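Asker: Handing you this structure, nothing more for now.
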Amino acid sequence: MGLLSFFKGVGEKIFHKDDSQPAEAAKVEPVRAQALLDHVKKLGLAYNTLTVKTNGDTVTLTGSVKKQEDAEKIALAVGNVEGVSAVDNQLSVDEPTPEGKYYTVKSGDSLSKIAKEVYGDPMKYGVIFEANKPMLKDPDLIYPDQVLRIPQL
């Protein structure tokens, strides 16, 4: 899949304040990587094998998943965490399909507004909502600079 960019200062807060201090990177990186892996597990995202490594604000994902959708959801779950600016998604996919597209939420956006822009139909907002579950729990709770997965219809 490659490298995905995110806004480092926004997203879910899963790191402890001490985890962001660069002074002892050798100690902090494994803690941050484990926190991200635990986050993926907590969301119940599917994978065969998964290794998460961090280097500063960049995360590298390796392992394998069954479907393309699974790889994309894991990358988004990890990338939409405060303190992460890039995700290098190197997950192999057992059943490859065309990759989804990504959309960065702007101020004033709603899922129906995004659906109208990308699909031409605001009523297709549910497709976007479903494609981003379980990261999205409510279609009305999105925030600026959040990155969403936009599947092909």
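Asker: Taking the Cα atoms only, what angle lies between the long axis of helix 25-43 and the longest principal axis of the chain, rounded to 10 degrees?
Answerer: 40
Asker: Okay, next question. Full extension from residue 29 to residue 140: what is 0.36 nm times the residue separation minus their Cα-Cα distance, to one decimal in nm? Please list the in-between numbers first.
Answerer: On the way: separation 111, 0.36 × 111 = 39.96 nm, distance 3.37 nm.
Difference between extended and current length: 36.6 nm.
Asker: Quick one: which residues, 5+ away or cross-chain, put their amide H under 5 Å from the amide H of residue 48? H built at 1.01 Å from N.
Answerer: Long-range HN contacts for residue 48: 64, 65, 66.
Asker: Follow-up. For the chain, take the longest principal axis of its alpha carbons; what is the angle in degrees between that and the long axis of helix 68-79, to the nearest 10 within 0 to 90?
Answerer: Approximately 60 degrees, to the nearest ten.
Asker: Label-point separation (nm) for residue 41 and residue 123, each offset 7 Å from Cα along Cα-to-Cβ?
Answerer: 4.3
Asker: Under a plain spin-label model, where a point goes 7 Å from the Cα along Cα-to-Cβ, how far apart in nm are residue 116 and residue 3?
Answerer: Each label point lies 7 Å from its Cα, and together they span 3.6 nm.
Asker: Using Cα springs under 10 Å in a Gaussian network model of the chain, which residue among 44, 100, 83 shows the largest mean-square fluctuation?
Answerer: Judging by the Gaussian network model, the answer is 44.
Asker: Taking just the C-alpha trace of region 101-150, give me its Rg and Dmax in Å.
Answerer: When restricted to the Cα atoms of region 101-150, Rg and Dmax are 9.4, 25 Å.
Asker: How high is the relative contact order of the chain, given as a whole-number percent (alpha carbon pairs under 8 Å, six or more residues apart)?
Answerer: Details: 292 pairs, mean separation 39.6, N = 153.
RCO, the chain: 26 percent.
Asker: Next question. At 222 nm, what value in deg cm²/dmol follows for the chain if DSSP H runs of at least 4 each add -39500 (n - 2.57) and the sum is divided by all its residues, to the nearest 500?
Answerer: Using -39500 (n - 2.57) per qualifying helix, the result is -9500 deg cm²/dmol.
Rule-based calculations on the coordinates, nothing more; no lab input. Everything numeric in this text was worked out from a predicted model, so none of it was measured. A quick note on method: Cβ atoms are made from the backbone with ideal geometry, for glycine too, and the neighbour counts reach across all protein chains shown.
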